[in-house]
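Step one of this worksheet: look at the structure below.
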Amino acid sequence: MSYIYDYPRPCVTTDCLIFRKIDSVWSLLLIERGNEPFKGCWALPGGFLEMEEDLDTCAARELQEETGLTGINLHQLYAFGAPNRDPRHRTISIAFWGIDDTQRQAVGSDDAAQARWFALDHLPSLAFDHELIIQKALSNNEIKEELNK
């Protein structure tokens with residue numbers, strides 16, 4: 001399918017907040033970016049929506065490509081669309097969240113240099129607006145309920 005527009009269009013991405021309880025402490029899965037922008041910085045797993053792909057498929061695909069994790073039930077959280085959230089171009093991201101209750105190892109691959117679990121109270125500084133995305137998630141009643149179990 002070919003697309004030609006008279007006016008610029010924003011790009012769409014998905015980002016994933018994957019929580020896991022490790023030694024009684026809730027942790028969040030992050031990837032170290034292997035490419036610019038923010039190469040070497042930590043970020044939520046995610047990436048660009050393909051033209052013939054729906055949002056939840058994109059989120060699951062990007063999670064699998066960057067961390068190797070599959071089969072996590074993902075829930076749509078919120079859309080983030082501040083004009084300057086990505087220094088490359090106008091990007092809107094739809095955030096998804098899920099709980100990984102397995103002990104599978106997450107391994108960075110594709111454009112992620114590594115994948116690692118961080119305790120929620122010891123997160124590193126993050127790329128893009130991912131701190132804002134995490135704050136929004138942690139204020140969500142459904143997520144708070146899950147993390148209080």
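Descriptive notes on the structure:
Residue by residue, here is whether (1) under 14 Å from Leu17 (Cα atoms); (2) not acidic (Asp, Glu) holds:
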site: Thr67; (1), (2): yes, yes
site: His89; (1), (2): no, yes
site: Ile94; (1), (2): yes, yes
site: Gln114; (1), (2): no, yes
site: Phe118; (1), (2): yes, yes
site: Glu131; (1), (2): yes, no
site: Ile134; (1), (2): yes, yes
site: Ile143; (1), (2): yes, yes
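- The residue pairs whose first member lies in segment 110-129 and is among the aromatic types (Phe, Trp, Tyr), whose second member is surrounded by fewer than 14 Cβ atoms within 10 Å (Cβ to Cβ), and whose beta carbons are closer than 9 Å, counting only pairs six or more residues apart or on different chains, are Trp117/Ile22; Phe118/Pro124; Phe128/Pro37; Phe128/Pro87.
- Sub-6 Å Cβ pairs linking a first residue in segment 24-46 that is within 19 Å of Arg61 (Cα to Cα) and open to solvent by 30 Å² or more (accessible area, probe 1.4 Å) to a second residue that is part of a loop (DSSP other than H, G, I, E, B) and modelled with pLDDT under 95, at least 6 apart or interchain, are Asn35/Asp111, ordered by first then second residue.
- Residue within segment 55-65 that is closer than 22 Å to Glu142 by Cα, over 12 Å from the mean Cα position of the chain (by Cα), at pLDDT 95 or above and surrounded by 15 or more Cβ atoms within 10 Å (Cβ to Cβ) present: yes
- Those residues of segment 115-136 which are under 26 Å from Arg90 (Cα atoms) and of a type outside the set (Gly, Ala, Ser), in sequence order: Pro124, Leu126, Phe128, Asp129, His130, Glu131, Leu132, Ile133, Ile134, Gln135, Lys136
- Strands (runs of 3 or more DSSP E) contained entirely in segment 4-61, each with at least 2 residues that are touching an Asp or Glu at 6+ places or on another chain (Cβ under 6 Å): 11-22, 46-48
- Cβ-Cβ under 7 Å pairs, at least 6 apart or on other chains, segment 89-106 side among the polar types (S, T, N, Q), far side in a strand (DSSP E or B): Thr91/Cys11; Thr91/Thr13; Ser93/Thr13; Ser93/Thr14; Ser93/Asp15; Ser93/Gly46; Ser93/Phe80
- Segment 78-109, residues that are crowded, with 16+ Cβ neighbours inside 10 Å and either in contact with a His (Cβ under 7 Å, 6 or more places away or on another chain) or not in a strand (DSSP E or B) (or both): Arg85, Asp86, Phe96, Trp97, Gly98, Asp100, Ala106, Gly108, Ser109
The values are calculated or read from the model by the stated rules, or taken from the named source; none is laboratory data. Since we're looking at a predicted model, the values are computed, not measured. Positions of Cβ are generated from backbone atoms using ideal geometry, with glycine treated the same way; all protein chains shown enter the neighbour counts. Heavy atoms of the whole protein, side chains included, go into the accessibility calculation; ligands, DNA and RNA do not. Shrake-Rupley method; radii C 1.70, N 1.55, O 1.52, S 1.80 Å.
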